[in-house]
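> Here it is, the structure in full.
The values are calculated or read from the model by the stated rules, or taken from the named source; none is laboratory data. Fair warning: this is a prediction, and the values are worked out from it, not measured in the lab. Here Cβ is always computed from backbone atoms with ideal geometry, including for glycine, and neighbour counts include all displayed protein chains. Accessible surface areas use protein heavy atoms only, side chains included; no ligands, DNA or RNA. Shrake-Rupley method; radii C 1.70, N 1.55, O 1.52, S 1.80 Å.
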Amino acid sequence: MTNITINGKIITVLEKKFEDKKTVYAQFLMESESKGIEIIKVKITNEADISKLEKDLVVSVPVTMAAINGNLYYSQSDNIKFHKEIK
């Protein structure tokens, strides 16, 4: 079994509402030589983790991925691990 984890500092926490349903995303910056800088958006599915999310926290988020029309979508698959920031 393969496990995918996104590790990094949260650059922002987004809340979106659609038809009275709230969805929360954590966004991360990723640098690569081929694409430059891109934003990775992870849908947070664990209600207990949502209240702990803040900008600039360093976290590890286990995710599942879906590829739809050439785009990658990430959703939380297990509890977030919160780390102390290394300076």
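> Among Lys55, Lys17, Lys43, which one moves the most in a GNM of the chain with springs linking Cα atoms closer than 10 Å?
Lys17
> Continuing with this model, one more query. Could you identify which residue out of Thr12, Thr45, Thr23 has the top mean-square fluctuation in a GNM of the chain using Cα springs shorter than 10 Å?
For the chain, modelled as a Gaussian network with Cα springs under 10 Å, the answer is Thr23.
> So if a site counts as exposed when it's one of the GluC sites (Glu not before Pro), its DSSP state isn't H, G, I, E or B, and it has at most 10 other Cβ atoms within 10 Å, what's the longest stretch of the chain without one?
Counting only loop sites that pass the neighbour cut-off, the longest clear stretch is 34-84.
> Moving to a separate point now. Quick one: pull the percent of accessible area on the chain belonging to carbon and sulfur, 1.4 Å probe, ligands and nucleic acids left out.
49
> Quick one: putting +1 on the C-beta of Lys and Arg, -1 on the C-beta of Asp and Glu, what dipole do you get for the chain around its Cα centre, in Debye to the nearest 20? Before the final figure, lay out each step's value.
Working: 13 positive and 12 negative charges, 20 e Å.
So the dipole magnitude of the chain works out to roughly 100 debye.
> Right, next: Under the rule of -39500 (n - 2.57) per DSSP H run of 4 or more residues, summed and divided by the residues of the chain, what mean residue ellipticity at 222 nm is obtained, to the nearest 500 deg cm²/dmol?
It comes out at -500 deg cm²/dmol, rounded to the nearest 500.
> Could you state the accessible area per residue of the chain in Å², with a 1.4 Å probe and every protein chain left in place?
77
> Students sometimes get this wrong: rank Ile11, Ile68, Ile37 by accessible area, probe 1.4 Å, all chains present, largest first. Present the calculation step by step, with values, prior to reporting the outcome.
Numbers: Ile11 55, Ile68 85, Ile37 110 Å².
If we order Ile11, Ile68, Ile37 from most to least accessible, we get Ile37, Ile68, Ile11.
> Here are several values of mean projected area of the Cα convex hull in nm²: [x] 12.0; [y] 6.2; [z] 7.3. Which one was derived from the coordinates shown?
Checking each listed value against the structure points to [z].
> Now for a separate question. Anything over 20 Å Cα to Cα? Flag those among Lys43/Lys84; Lys16/Lys41; Lys21/Lys41, in the order listed.
Violating the 20 Å Cα-Cα cut-off are Lys43/Lys84.
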